[in-house]
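Sharing a structure here in structure tokens format.
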Amino acid sequence: MSPYALSMLMSSLAVGTIVTLSSHHWFLAWMGLEINTLAIIPLMTKMHHPRAAESATKYFLTQATASALILFSTTINAWMTGEWTIMNMTNPTPTVILTLALAIKLGIAPFHLWLPDVLQGLNMLTCLILSTWQKLAPMALMMLTSHQLNTNLLIAMALMSAIIGGWGGLNQTQMRKIMAYSSIAHLGWMILVISFAPSLALLNLLIYLVLTSSMFLMLMTLNSTNTNKLSISWLKTPTLAASMMITLMALGGLPPTSGFLPKWLILQEMTKQHLGALSALMAMSALLSLFFYIRLSYTISMTSPPNISNSSLTWRKKKNLTYVIPILIIMSATMMPITPTLLLLN
């Protein structure tokens, strides 16, 4: 792809998200979402492969349906209330339609089936954009309207997402599908607490962005797209393979990594809301996700392919590691000590 076209598309992605984040009018927010969708479609199809075309088609149809539902719900709300303000969603019918539309946009269960298939047909860089940047605008809209959304519907979708995100990743061997189910599970934790403490949902989103970005950048550096390629990563770059194990543990939510912080705070908040049974179910669903993260760590560290070479390291092209990866790895492993500061900010 031409650098000029790529810079224009990336700028359009940024503009679409900023327009949605800074808008108070529903039509302007919808327009930002549409700019986002139209900007990423050429990035998805730049590989000129049937799988990429299939993924782009699925993504476009799904996002078009969600955008139509958002416009429909906001039009009904404007018809009932007389204004297009985002913060004024008082009627239950358009509120429920809006919740379902944003769930489709984000890939929250039971509207999650498009996400693994779409990610599987894309390259790692586009998967990174789709799993991180494209979540910002819909999640911002959900946070803005969180005090008016149906809490029972959000809790049901959150529990379903956490269970399906853990269950679906158990038998996967492709890294992109594993990261898709990981995204579904993390989104379940976010929308669980969004009605009670939006600041905790924002903290969870930020930590999710750090962990997912570091994971995708490491997979891009090691050129690992499935578990078989992941098993030879130790021979390529031992330091990066060890760092990947730490990031996987953080994604699973093991202490003392950063991934444990949002889960701990969310379970604490749910217990304060007298939702003990729900907290127990969410904690048990996290064990499902933790299982396939541990399986990946086992693949990295304790399995190796047959090697007929006398050298302990495989031949590889020298890659210049960017400074972004070490920073993200450090953030994914060492945010637990600043927990008291984060609690004071909350």
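Carbon and sulfur together cover what percent of the accessible area of the chain at a 1.4 Å probe radius?
Whole-percent figure for carbon plus sulfur exposure: 70.
Given C-alpha coordinates of region 66-116, what is the ratio Rg to Rh with the Kirkwood estimate of Rh?
Taking Rg over the Kirkwood Rh, I get 1.05.
Find the all-direction average of the projected area of the Cα convex hull for region 1-134, expressing the result in square nanometres with one decimal place.
7.9 nm²
Mind checking the per residue accessible area of the chain for me, 1.4 Å probe, whole number of Å²?
Ligands and nucleic acids excluded, the figure is 45 Å² per residue.
While we're on this one: Non-local amide H neighbours of Asn226 (under 5 Å, H modeled in plane, Pro and chain starts lacking H): which ones?
HN-HN under 5 Å from Asn226: Met175.
Right, next: Over the alpha carbons of region 20-89, what is the largest minus smallest coordinate on each principal axis, giving the biggest first in Å?
Dimensions of region 20-89 along the principal axes of its Cα atoms: 47, 21, 11 Å.
Rounded to the nearest 0.05, what FRET efficiency do Asn152 and Ile18 give with R0 = 45 Å and r taken as the Cβ-Cβ distance? Could you check?
Plugging the Cβ-Cβ distance into 1/(1 + (r/R0)^6) gives 0.85.
Same structure again: Using a Gaussian network model of the chain with C-alpha springs under 10 Å, which one of Met179, Met335, Met80 is most mobile by mean-square fluctuation?
Met80
What order do Glu54, Glu269 take when sorted by accessible area (1.4 Å probe), most exposed first? Intermediate results must be reported in sequence, preceding the final value.
Details: Glu54 80, Glu269 30 Å².
Largest accessible area first, the list is Glu54, Glu269.
Could I ask something else about it? For the chain, take the longest principal axis of its alpha carbons; what is the angle in degrees between that and the long axis of helix 324-333, to the nearest 10 within 0 to 90?
80 degrees
Enter the per residue convex hull volume of region 150-344, computed from alpha-carbon coordinates, in Å³ rounded to the nearest integer. Please list the in-between numbers first.
Values: hull volume 21.2 nm³, N = 195.
Per-residue hull volume (Cα only) is 109 Å³.
Kindly state, to the nearest 0.05, the FRET efficiency for Ile294 paired with Ile330, given R0 = 22 Å and r defined as their beta-carbon distance.
For R0 = 22 Å, the calculated efficiency reads 0.50.
Starting from the Cα of Phe27, step 7 Å along the direction of its Cβ; do the same at Ala242; then give the gap between the two resulting points in nm.
My value for the distance between the label points is 5.9 nm.
At 7 Å along the Cα-to-beta-carbon direction for both Asn226 and Ala64, put a label point, then send me their distance in nm to one decimal.
Going from the Asn226 label point to the Ala64 one covers 3.2 nm.
So what J values fall out for region 277-290 if you push phi through Karplus, 6.51 cos²θ - 1.76 cosθ + 1.60 with θ = phi - 60°, rounded to Hz, Gly and Pro as x?
With coefficients 6.51, -1.76 and 1.60, one gets 5, 5, 4, 5, 5, 5, 5, 5, 5, 5, 5, 4, 5, 4 Hz.
Still on this structure, please answer the following. With a 1.4 Å probe and all protein chains kept in place, how do Phe260, Phe27 rank by accessible area, largest first?
Final ranking, largest accessible area leading: Phe27, Phe260.
Mind ordering 100-107, 275-282, 202-209, 182-189 by average Cβ neighbours within 10 Å, highest first?
Answer by packing, highest mean first, reads 182-189, 100-107, 202-209, 275-282.
Something else now. Taking θ as phi - 60°, what are the ³J(HN,Hα) couplings along region 145-159 by the Karplus curve (6.51, -1.76, 1.60), each to the nearest whole Hz, with x for Gly and Pro?
Working through the residues one at a time gives 9, 5, 6, 10, 6, 6, 5, 5, 5, 5, 5, 5, 5, 5, 5 Hz.
Take the alpha-carbon centre of region 231-264, take the same for region 1-36, and report the distance between them in whole Å.
33 Å
Any idea what % of Cα-Cα pairs in region 140-265 are farther than 20 Å?
Taking all Cα-Cα pairs of region 140-265, the fraction more than 20 Å apart is 47 percent.
Along each of the three principal axes of the Cα atoms of the chain, give the extent in whole Å, ordering the values from largest to smallest.
Answer, in whole Å and largest first: 76, 50, 34 Å.
The values are calculated or read from the model by the stated rules, or taken from the named source; none is laboratory data. Please read these numbers as outputs of a predicted model, since none were measured by experiment. Note that each Cβ is placed from the backbone with ideal geometry, even for glycine, and that neighbours are counted across all protein chains shown. Note: accessible area is taken over every heavy atom of the protein model, side chains too, but ligands, DNA and RNA are not part of it. Shrake-Rupley method; radii C 1.70, N 1.55, O 1.52, S 1.80 Å.
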